[in-house]
Amino acid sequence: MKLKKLSAIILSALLAITSLTACGEKKTSTKPKSGKQVIKIGVTGDDHKLWDNIKTRLAKENIELKIITFSDYIRPNMALSEGELDANAFQTIAYFNKFKEDHKLDLTSLGYTLLAPMGIYSDKLKNIKDLKDNGKVAIPNDPTNGGRALLLLQSAGLIKLKDNPGITPTVKDIVANPKNLKISELVATQIPRSIKDVDIAAINNGVAVDANYSPLKDSIYIEDTKNPDTKNYFNIIAVRTKDKNNPALKKLLEIYQGEETKKLISDIYKDSAIPAF
């Protein structure tokens, strides 16, 4: 009898310890007393004016946005995949799709942010329609920007590419060139310095801004957000696929894609970017 009583006492003590442990585990997994949620977002560059504004607006929703800056275009996606970030916002759809395919990452686009449009510029013409036969055209010589430039020339009605050329067509994919344009492929950063030697030049956004062009004002033709080919160059907010329905992340997108953000894009980027939503 004494042995049975002793066993019962030991069993009761073990159950009590288990119960206390379970209660302790529940406490550690609950939300902070403040109930505040935290989103860590990765961005590139030093100018965070837009994201600082988004941070302020999210705070009103009891969501803290932590902005983490990267100096390259590789680490933000890897950090997102590895759980160091909850989201990132620095890349186009074209870059994102290629990167996650190459690295086999389970990431997805949460939604569009802005477009940094490629434009056609000229020191000689005020209107793209004034380009004459045998005109000289400069485009970037790298596959990504060169392909984008050719799609832009097609959008302007100057050339025709083969059906379904993808996002990196080459001059070999041109099937119609009614004006017999002479297309030269140059290093992207050299094109602004060579613009006097050609009739028109396709210049990507960053290079144009560095050369003191205002893309929306100074270009004679520019990418249109309504053109299906342009969607590949929309910038996005990326998240892990499993988190795409996370309420806090959806609130982040909702606040970003508001009228206040559209005005901020215009004010901050000074005619060099277009809202893509």
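The values are calculated or read from the model by the stated rules, or taken from the named source; none is laboratory data. Bear in mind the structure is a predicted one, so any value in this text is a computation, not a measurement. Cβ sites come from the backbone with ideal geometry, for glycine too, and all protein chains shown count toward neighbours.
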Out of the residues in segment 77-91 that are of a type in the set (Asp, Glu) and touching a residue at least 40 places away in the same chain (Cβ under 8 Å), state the one that is farthest from LEU253 (Cα to Cα).
GLU84
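Would you say ASN134 is of a type outside the set (Gly, Ala, Ser), modelled with pLDDT of 95 or more and buried (at least 19 other Cβ atoms within 10 Å of the Cβ)? Spell out the reasoning first.
Working: of a type outside the set (Gly, Ala, Ser): yes; modelled with pLDDT of 95 or more: yes; buried (at least 19 other Cβ atoms within 10 Å of the Cβ): no.
Criteria not met by ASN134.
Grab the strands (runs of 3 or more DSSP E) fully contained in segment 152-224, keeping just those with 2 or more residues being crowded, with 17+ Cβ neighbours inside 10 Å.
Working: elements: 174-176, 182-186, 200-203.
So the answer is 182-186, 200-203.
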Of the numbered conditions (1) in the same structural domain as ILE159 (by TED's automatic domain parsing); (2) touching a Ser or Thr at 6+ places or on another chain (Cβ under 7 Å), ASN227 fails exactly one; give the number of that condition.
(1)
Which condition number does ALA149 fail, the rest of (1) assigned to a strand (DSSP E or B); (2) closer than 30 Å to LEU181 by Cα; (3) aliphatic (A, V, I, L, M) being met?
(1)
Any residue that is assigned by TED's automatic domain parsing to the domain that holds PHE96 and at positive phi - is there at least one of those in segment 233-243?
no
Determine which single condition LYS104 fails, assuming it passes every other condition in (1) on the phi > 0 side of the Ramachandran plot; (2) buried (at least 20 other Cβ atoms within 10 Å of the Cβ); (3) charged (D, E, K, R).
(2)
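Does LYS129 satisfy being free of Cβ contacts under 8 Å to residues at least 24 places away in the same chain, basic (Lys, Arg) and farther than 22 Å from LEU50 by Cβ? Steps first, answer last, please.
Numbers: free of Cβ contacts under 8 Å to residues at least 24 places away in the same chain: yes; basic (Lys, Arg): yes; farther than 22 Å from LEU50 by Cβ: yes.
Answer is yes for this residue.
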Go over the candidates ASN145, ASN88 one by one and state the one that is at pLDDT 95 or above, closer than 27 Å to SER266 by Cα and assigned by TED's automatic domain parsing to the domain that holds GLY206.
ASN145
Considering residues of segment 226-277 that are part of a strand (DSSP E or B) and of a type outside the set (D, E, K, R) only, the residue surrounded by the most Cβ atoms within 10 Å (Cβ to Cβ)
ALA238
Is there a residue in segment 191-198 that is among the basic types (Lys, Arg) and touching a helix residue (DSSP H, G or I) at 6+ places or on another chain (Cβ under 8 Å)?
no
Close pairs from segment 43-71: first farther than 17 Å from LYS250 by Cβ, partner assigned to a helix (DSSP H, G or I) and of a type in the set (Lys, Arg), Cβ under 8 Å, at least 6 apart
ILE67/LYS55
